[in-house]
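Each reported figure results from applying straightforward, stated rules to the coordinates on display, with no laboratory input. Computed from a predicted structure; not experimentally measured. Don't worry about glycine lacking a Cβ; one is built from the backbone with ideal geometry, like all the others, and counts go over all protein chains shown.
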Amino acid sequence: MTAVTQTETPPLSTPRPARGGLKSEAPAGADWRVERPRDHSRVSQADGRPRPASEGLKKRSTQIAVLRLWHAVLAGGFVVAWATGDENTYALHQFSGYVVLAALMVRGLIAAFSPADSLLGWPKLSRAQVWDWLAIRRGRNPLFAGLALALLATVAATAASGAIADWVTWMEHPHEAASDITLAVIFAHIAFVFYQYGGRPWVLTQIRRIRASLWGMK
Ligand code: HEM
Ligand code: HEM
């Protein structure tokens, strides 16, 4: 069976196992990879009937493809809108800004009609999840879901305030402020993704090197 839950599964990609680190531990997120059935030919459904094992994996890779495409449209639209906020490039700004707004609406619709265990639902974050992770420091870091929710909220605030600023002039300042806050969250998002998906061993090696050169520590 393909045990996948939205709270535990990386929507867009799976991080590579850490090659090094200050302490030896399971690669971040190892437990939220898809559990492949031992018998690859058949697995049981809830009603007991067997079904091809690849069915769940296929569904999941389709969901990942949809999320990746959506992510590309959202991120691309945002970058273009951010770079064209000037008066001279206003037409492109308007277009890309509305593309971002439309992408968020589509995401909302998809999430609303997706089953609970789908990757296409909203990212979920609970206090219990955070406490559990802090206690064992293993598995999926809740900052993934936290940053995803912060991004969705700030990008939505930027695009919606922009759409209002199109009609109500005094909204231009809140709109600019919202876009600056969103940019900060995006930087945090990219830094965190880099750290988790391959940059972590590199960062830890640099920390070790600096500590060794300063204090002779290993
Ligand atoms: C170099 C640039 C970027 C990279 C490499 C990147 C990578 C990723 C990855 C790997 C995830 C999945 C994280 C997870 O496992 O939960 C993700 C999620 C997300 N990213 Fe980015 N991202 C980039 C830029 C952006 C930008 C510019 C935006 C916003 C305009 C953005 C918005 C989001 C959102 C909203 C999600 C959550 C998707 C969801 O679960 O609904 N990303 N990104
Ligand atoms: C989420 C995507 C968006 C981002 C990142 C964004 C970003 C920005 C930024 C940085 C500015 C300030 C530019 C400057 O003064 O130098 C700006 C201005 C503005 N934006 Fe957006 N915006 C977005 C979406 C929208 C949308 C959907 C609209 C609706 C048409 C819009 C309408 C405006 C207006 C009217 C201004 C003021 C333009 C001016 O001062 O001449 N924005 N935006």
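Annotations for the structure displayed:
- Residues within the range 98-140 that are of a type in the set (Val, Ile, Thr) and more than 16 Å from ligand 2 (Cβ to nearest atom), tallied: 3
- Qualifying residue in the range 142-164 (condition: over 24 Å from residue 85 (Cβ atoms) and of a type in the set (Val, Ile, Thr)): no
- Filter result for residue 202 (part of a helix (DSSP H, G or I) and either more than 16 Å from ligand 2 (Cβ to nearest atom) or farther than 27 Å from residue 82 by Cβ (or both)): yes
- Scan of the range 186-200 for residues that are in contact (Cβ under 8 Å) with a residue 12 or more places away in the chain and buried (at least 16 other Cβ atoms within 10 Å of the Cβ), ordered by number: 186, 189, 192, 196, 197, 200
- Cross-chain or 6+ apart pairs with Cβ under 8 Å, the range 113-136 first and aromatic (Phe, Trp, Tyr), then buried (at least 16 other Cβ atoms within 10 Å of the Cβ) and assigned to a loop (DSSP other than H, G, I, E, B): 122/6; 133/139; 133/140; 133/141; 133/142
- Residues in the range 158-173 that are touching a residue at least 40 places away in the same chain (Cβ under 8 Å) and away from ligand 1 (no atom under 12 Å from the Cβ): 4 in all.
- Cβ pairs under 9 Å, 6+ apart, first in the range 144-157 and of a type in the set (Val, Ile, Thr), second near ligand 1 (Cβ under 6 Å from one of its atoms): 154/186; 155/74; 155/78; 155/186
- For the range 64-75, the criterion of being away from ligand 1 (no atom under 15 Å from the Cβ) and either of a type in the set (S, T, N, Q) or in a helix (DSSP H, G or I) (or both) is met by no residue.
- The set of residues from the range 80-97 being among the small types (Gly, Ala, Ser) and either within 18 Å of residue 158 (Cβ to Cβ) or away from ligand 2 (no atom under 16 Å from the Cβ) (or both) comprises 81, 83, 85, 96, 97.
- Residues that are buried (at least 19 other Cβ atoms within 10 Å of the Cβ) and not small (Gly, Ala, Ser), drawn from the range 155-185: 155, 158, 175, 182
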